[in-house]
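Chemist: Sharing a structure, written as structure tokens. Questions coming.
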Amino acid sequence: MQSNKLGWLFLAPTILVLFLFGVLPFIYVLWVSFHQWNPFAANPNMIFNWADNYRAVVFDAQFLASLGATVAFVFFAVVTEVIIGYFLAQAFMGDFPGKAFFRTIHTLPLIVAPIIVGSVWKLMTTPSIGIIPHLLDNWFGLNLNIGTSALAAFTVTVVMDVWHWTPLVTLTLIAALVSLPADPFEQAQIDGAGPRQIFWHITLPMIAPALVATVFIRLMDALRTVDEVLMLTGGGPGSATRYVGVHIFKEVFPRTNYGYGSAISVIVLYLTIVVCWMLYTGLLAPRKGKEG
Amino acid sequence: MTFTRTISASALALSVAASAAFAQDLTIENEDWWKEAGAQFSGVTLRGVTESTPPSNFISDVLAPKFEELTGIRVDVETTSWDQMYDKAIKDMEAGTGIYDMVYIEQDIIYAYLSRDFLVDVTAALAEKPELKAPNYDEANLTTFADNFRGENGNLYGIPMEAFIKVYLYRTDLFNDPEIQAAYKEKTGADLKPATTHEEYTQIADFFTEYMQGKGEDIWGTTAQAHTGHPASWYEFFESVAPTFGVYNWGIDAANNYSASVENGGTMNSAEAKEALAWWLHLRDIAPPESVQSTWTEVGTTFAAGRAAQGLVYGENAAWIAADDTKSKVVGNVGVALPPVAEGVMAAAEAGEGYIGYYDGGAFGLPVTSKQQDASLLFLQFMALPEVQEEWAVAAPRITLTSTYDSPKVAELDAELGGYYSMLRDQGKLFKGAPEYPFHAQVREATAPIFYQILTGAVGPDEGLDQMAAKAEEELTTLGYRK
């Protein structure tokens with residue numbers, strides 16, 4: 001009993017901080033989402049409007065387009081990051097000259113602030129004067145213009161995200177691979193299993209928890225991407241890269257549409273939880289069931 | 001809005017660092033009065049929040065120390081990014097916490113602040129407390145730009161600290177080149193000189209793009225602030241282009257139930273607005289390719305890199321383009337002119353019934369939530385003293401007092417800038433800031449996505465303006481301004 005109380009005492013500061021900075025703000029956002037509230041409206045006060053904001057979100061073509069673009073962005077970015085990250089992790093598991101140097105270089109993007117990443121990529125991709133359009137034009141005769149081509153802008157945002165965040169996936173998967181026991185691999189080799197069989201039947205199942213955790217982290221990050229994209233394209237051309245995070249930012253900050261913006265935030269949070277739950281039940285739960 | 005412009009302004013600040021002023025360089029008249037007035041507030045600390053720009057930095061680095069030296073009142077000015085500044089200022093005034101005694105007010109947000117009664121009426125406050133009125137502070141000495149910070153009663157709610165106009169810049173080396181002049185004459189039958197009409201401007205732009213591209217030169221006929229996802233393009237059209245066609249105040253008629261569409265009495269989708277958009281879109285098409293990603297800063301950079309023969313450029317950029325050879329390739333080759341206008345627009349502007357371009361800038365306001373209002377009033381007046389203006393104008397290209405134009409250093413700089421300051425003084429009245437709307441960002445953000453669709457070609461220009469007018473009215477109805 002005594003140790004139980006002491007445990008709660010030690011936990012109390014953490015719980016308090018979580019409550020103050022996690023739970024309370026969420027409850028406030030939830031509360032605001034049930035109001036019409038724009039401080040620069042003729043009536044700047046909060047007006048309770050039941051679920052009107054949520055109803056409006058469902059029929060908001062701009063939000064739905066934004067959601068569609070976000071799903072595509074998240075899919076291409078996260079899948080590419082996981083694939084490249086895995087191969088890089090495998091490469092870094094082996095020995096080659098300059099390994100430590102390359103591993104350090106490879107992780108550098110992680111320490112760059114997203115707003116800087118967006119700025120640098122903007123410099124590199126500005127039509128006609130950026131290095132990337134210049135080289136693509138010189139080498140392949142391609143005209144990359146992220147100011148006019150929706151596909152080009154979308155692709156560049158994905159590539160930028162992959163460049164920025166693949167190192168995180170690599171580091172996580174290196175940690176997972178390092179922790180794997182050698183026995184199952186040796187046993188499989190003795191039994192004549194090939195590299196592909198070893199990957200599908202041993203490596204992948206064993207690193208699945210780390211892989212899913214990594215995908216969760218990247219998925220949640222990608223869903224709320226704002227600063228990089230805002231800096232690079234501003235959400236354009238048109239609304240081509242107006243991903244959900246950018247959409248919420250524009251609704252809440254410049255437009256000060258607090259009620260509606262909060263409703264979108266809550267819905268996006270809900271969708272994120274649902275997607276994560278689906279991933280969890282689809283990838284990990286069956287495995288746990290088998291083990292159980 | 002000025003977030004991106006800050007970068008170029010900062011570059012200018014670096015370039016003038018060698019001539020930067022220090023607090024000890026300033027000589028304040030009536031020092032005894034300031035010492036006496038400040039004595040009652042000795043030990044008080046005033047807190048301000050502003051955007052990090054050269055004019056703001058001059059306040060924190062030069063004016064604040066000098067003020068403290070005289071009065072004993074400490075002034076801490078927090079310089080931060082544009083969005084952070086508004087976030088902090090608005091939350092402070094909204095919650096009534098009284099953290100800030102001075103806040104930066106960009107010209108386009110003043111009406112939103114006034115609608116919320118965030119600001120102290122400076123004119124009235126000084127009239128009520130004549131003992132706080134500084135001898136050398138004179139409201140009448142402020143330029144006409146100060147009118148943008150007056151309330152309905154005509155009183156000042158902010159003391160201007162920076163002011164610029166968006167001007168028509170052209171390359172004098174190209175316009176005065178005999179070979180180019182001859183080629184232009186041969187092609188158009190006209191003499192090559194800065195345009196005064198849209199037709200002339202287009203003709204010049206078409207000529208230069210074709211002529212220079214034909215010679216293999218990376219020079220185009222015009223700039224265009226035509227970003228396809230940033231409000232800079234929206235601003236260029238509604239605040240710099242549409243007014244030159246006679247479409248004012250974004251095409252919204254506040255006196256007519258905030259109507260935007262023609263059918264309800266607005267002009268956002270009028271024939272003039274559609275003509276203006278068609279004109280501008282053509283210019284965008286013959287501008288340097290980077291224009292589709294250009295905001296304020298990039299337009300300045302494009303011109304400074306010598307990639308455009310002419311263009312509409314914000315005044316603060318005009319200064320470094322014309323005078324800073326560490327940043328600009330066209331130093332000494334920059335001419336300044338008034339923007340081209342449609343028939344009747346200049347006459348309307350001269351009669352005070354219209355305007356020909358954008359007058360931008362900002363002021364320092366005193367929040368009603370400030371706990372040190374009297375001490376703040378002293379500092380606001382200190383910022384507007386004639387004797388601090390010359391060094392300030394040289395350190396950051398801004399003028400807010402009429403008397404500053406006559407100072408020797410400013411006259412010298414004016415020559416370098418191709419007469420920019422003279423234009424600001426003599427023709428500044430032809431320009432106007434953002435309309436007196438409290439819903440500035442709200443209507444912009446509601447309509448901007450459609451505007452970006454127009455720029456990408458996903459929506460036709462005429463159809464797009466119709467949609468924007470409808471969307472503006474819908475937003476204004478939601479906000480409760482339109483009944």
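Chemist: Reachable aspartates and glutamates from B:LYS193, Cα under 13 Å, same-chain residues fewer than 8 places away excluded?
Modeler: B:ASP173, B:ASP177
Chemist: Among rounded, prolate and oblate, which fits the range A:17-70 when a ≥ b ≥ c are the square roots of the eigenvalues of its C-alpha gyration tensor, a/c under 1.5 means rounded, and a/b larger than b/c means prolate? Could you put the intermediate results ahead of the total?
Modeler: Details: a/c = 2.22, a/b = 1.19, b/c = 1.86.
Here the range A:17-70 falls in the oblate category.
Chemist: Related question: For a distance above 21 Å, tell me the whole-number percent of Cα pairs in the range B:224-343 that qualify.
Modeler: Working: 3115 of 7140 pairs.
The calculated P(r) of the range B:224-343 puts 44 percent of pairs beyond 21 Å.
Chemist: With a cut-off of 8 Å between alpha carbons and a minimum separation of six or more residues, what is the relative contact order of chain A in percent? Walk me through the numbers before you get to the answer.
Modeler: Working: 303 pairs, mean separation 82.2, N = 292.
Once divided by the residue count of chain A, the mean separation gives 28 percent.
Chemist: Heavy atoms only, probe 1.4 Å: what % of the accessible area of chain B goes to carbon and sulfur, would you let me know?
Modeler: On the way: 8150 of 16630 Å².
After summing per-atom areas, the C and S share lands at 49 percent.
Chemist: What accessible area per residue, rounded to a whole number of Å², is obtained for chain B using a probe radius of 1.4 Å? Walk me through the numbers on the way to the answer.
Modeler: On the way: 16630 Å² over 483 residues.
Accessible surface, normalised per residue, equals 34 Å².
Chemist: So what is the 222 nm mean residue ellipticity for chain A from helices alone, if each DSSP H run of at least 4 adds -39500 (n - 2.57) and you divide by all residues, rounding to the nearest 500 deg cm²/dmol?
Modeler: Values: 15 runs with 202 residues, N = 292.
That calculation yields -22000 deg cm²/dmol at 222 nm.
Chemist: Same structure, new question: Counting partner chain Cβ atoms within 10 Å of every residue's Cβ in B:429-442, what's the average?
Modeler: Values: counts 0, 0, 0, 0, 0, 0, 0, 0, 1, 5, 6, 2, 6, 7.
For peptide B:429-442, the averaged partner shielding equals 2.
Chemist: Across every pair of different alpha-carbon atoms, what Kirkwood hydrodynamic radius in Å does chain B reach?
Modeler: Values: mean 1/r = 0.0432 Å⁻¹.
When all Cα pairs of chain B are included, the Kirkwood radius is 23.2 Å.
Chemist: Could you point to the residue in A:ILE202, A:GLY130, A:LEU168 farthest towards the positive end of the range A:62-291's charge dipole, with +1 and -1 charges on the Cβ of Lys/Arg and Asp/Glu respectively?
Modeler: A:GLY130
Chemist: Next question, about the same structure. Take the cross-link list A:LYS250/B:LYS88; B:LYS166/B:LYS432; B:LYS35/B:LYS133 and give me the ones stretching past 19 Å between alpha-carbons.
Modeler: Values: A:LYS250/B:LYS88 17 Å; B:LYS166/B:LYS432 10 Å; B:LYS35/B:LYS133 13 Å.
Going by Cα-Cα distance, every pair falls inside the 19 Å limit.
Chemist: In straight Cα distance, which aspartates and glutamates are under 18 Å from A:LYS122, not counting same-chain residues fewer than 8 positions off?
Modeler: Excluding near neighbours in sequence, the set is A:ASP137, A:ASP161, A:ASP227, A:GLU228, B:GLU290, B:GLU298.
Chemist: Return the ratio Rg/(2.2 N^0.38 Å) for the range B:186-228, where Rg is computed over Cα atoms only. Don't skip to the answer; put the middle values down first.
Modeler: Numbers: Rg = 11.4 Å, N = 43, 2.2 N^0.38 = 9.2 Å.
Scaled against compact globular proteins, the figure is 1.24.
Chemist: Between the range B:112-147 and the range B:218-259, how far is it from one alpha carbon centroid to the other, in angstrom?
Modeler: What the calculation gives is 31 Å, centre to centre.
Chemist: In addition: Ratio of Rg to Rh for the protein assembly as shown, alpha carbon only, Kirkwood? Provide the component values of the computation, followed by the final result.
Modeler: Numbers: Rg = 29.3 Å, Rh = 28.9 Å.
Ratio of gyration radius to Kirkwood radius: 1.01.
Chemist: With contacts defined as alpha carbon pairs under 8 Å and 6 or more residues apart, what's the relative contact order of chain B in percent?
Modeler: Computed over chain B, the figure is 24 percent.
Chemist: Would you please calculate the Kirkwood hydrodynamic radius of the range B:67-163 over all C-alpha pairs and express it in Å, rounded to one decimal?
Modeler: On the way: mean 1/r = 0.0670 Å⁻¹.
In the range B:67-163 this quantity evaluates to 14.9 Å.
Chemist: How much solvent-accessible surface does B:ARG425 expose, in Å² to the nearest 10, with a 1.4 Å probe and all protein chains in place?
Modeler: Answer for B:ARG425: close to 110 Å² accessible.
Chemist: Roll a 1.4 angstrom probe over the protein heavy atoms and tell me the percent of accessible area of chain A that is carbon or sulfur. List each step's numbers first, then the result.
Modeler: Values: 11620 of 15820 Å².
The nonpolar share, carbon plus sulfur, comes to 73 percent.
Chemist: Over all pairs of distinct alpha carbons, what does the Kirkwood formula give as the hydrodynamic radius of the range A:62-291, in Å?
Modeler: On the way: mean 1/r = 0.0510 Å⁻¹.
Hydrodynamic radius (Kirkwood, Cα pairs) of the range A:62-291 is 19.6 Å.
Chemist: Would you kindly derive the ³J(HN,Hα) couplings of the range B:429-445 from the backbone phi angles with the Karplus curve 6.51 cos²θ - 1.76 cosθ + 1.60 (θ = phi - 60°), listing them in order in whole Hz, with x for Gly and Pro?
Modeler: With the stated coefficients, the range B:429-445 comes to 5, 7, 9, 9, x, 5, x, 7, 10, x, 10, 3, 5, 5, 5, 4, 5 Hz.
Chemist: Remind me, what semi-axes does the range A:1-124 give for its equivalent ellipsoid, largest first in whole Å, using sqrt of 5 times each Cα gyration tensor eigenvalue? Walk me through the numbers on the way to the answer.
Modeler: On the way: eigenvalues 333, 187, 49 Å².
Ellipsoid semi-axes (Å, largest first): 41, 31, 16.
Chemist: Can you give the mean number of other chain Cβ atoms that lie within 10 Å of the Cβ atoms in peptide A:138-149? If you can, show how the numbers build up before the last one.
Modeler: Numbers: counts 0, 0, 0, 0, 0, 1, 0, 5, 4, 12, 7, 3.
Rounded to a whole number, the mean comes out at 3.
Chemist: Next question. In the calculated pair distance distribution of the range B:309-461, what percentage of Cα-Cα distances lie above 28 Å? The partial results should precede the final answer.
Modeler: Details: 4651 of 11628 pairs.
That fraction is 40 percent.
Chemist: Dipole of the range B:84-197, Cα-centred, from +1 at each Lys and Arg C-beta and -1 at each Asp and Glu C-beta, to the nearest 20 debye?
Modeler: Details: 11 positive and 20 negative charges, 61 e Å.
Value, rounded to 20: 300 debye.
Chemist: When the solvent-accessible surface of protein heavy atoms is calculated with a 1.4 angstrom probe, in what order do A:MET206, A:MET278, B:MET212, A:MET231 fall, highest first?
Modeler: On the way: A:MET206 65, A:MET278 110, B:MET212 10, A:MET231 40 Å².
Of A:MET206, A:MET278, B:MET212, A:MET231, the descending order of accessible area is A:MET278, A:MET206, A:MET231, B:MET212.
Chemist: Sticking with this structure for a sec: Rounded to the nearest 10 Å², what accessible area does B:HIS440 have for a 1.4 Å probe in the complete protein model?
Modeler: Its accessible surface works out to 10 Å², give or take rounding.
Chemist: Once phi is turned into ³J(HN,Hα) by the Karplus curve 6.51 cos²θ - 1.76 cosθ + 1.60 with θ = phi - 60°, what whole-Hz value does each residue of the range A:186-193 show in order, with x for glycine and proline?
Modeler: 5, 4, 5, 5, 4, 7, x, 6
Chemist: Dipole of the range B:161-241, Cα-centred, from +1 at each Lys and Arg C-beta and -1 at each Asp and Glu C-beta, to the nearest 20 debye? Intermediate values should be presented prior to the final figure.
Modeler: Values: 6 positive and 14 negative charges, 11 e Å.
The calculation lands at about 60 debye.
Chemist: Now for a different question. With θ taken as phi - 60° and the coefficients 6.51, -1.76 and 1.60, list the Karplus ³J(HN,Hα) couplings across the range B:271-287 in order, rounded to whole Hz; mark glycine and proline as x.
Modeler: Couplings: 4, 5, 5, 5, 5, 4, 5, 4, 4, 5, 5, 5, 4, 4, 5, 10, 8 Hz.
Chemist: Between B:ASP360 and residues 5 or more places away or on another chain, which pairs have amide H atoms under 5 Å apart, with H built 1.01 Å from N, and which residues are they?
Modeler: B:PHE164, B:ILE165, B:LYS166
The values are calculated or read from the model by the stated rules, or taken from the named source; none is laboratory data. This structure is a prediction, so every number in the text was calculated from the model and none was measured. Note: ideal-geometry Cβ built from the backbone for every residue, glycine included; neighbour counts use all protein chains shown. Each accessible area value is taken on the protein alone, full model and side chains, heavy atoms only, with ligands, DNA and RNA left out. Shrake-Rupley method; radii C 1.70, N 1.55, O 1.52, S 1.80 Å.
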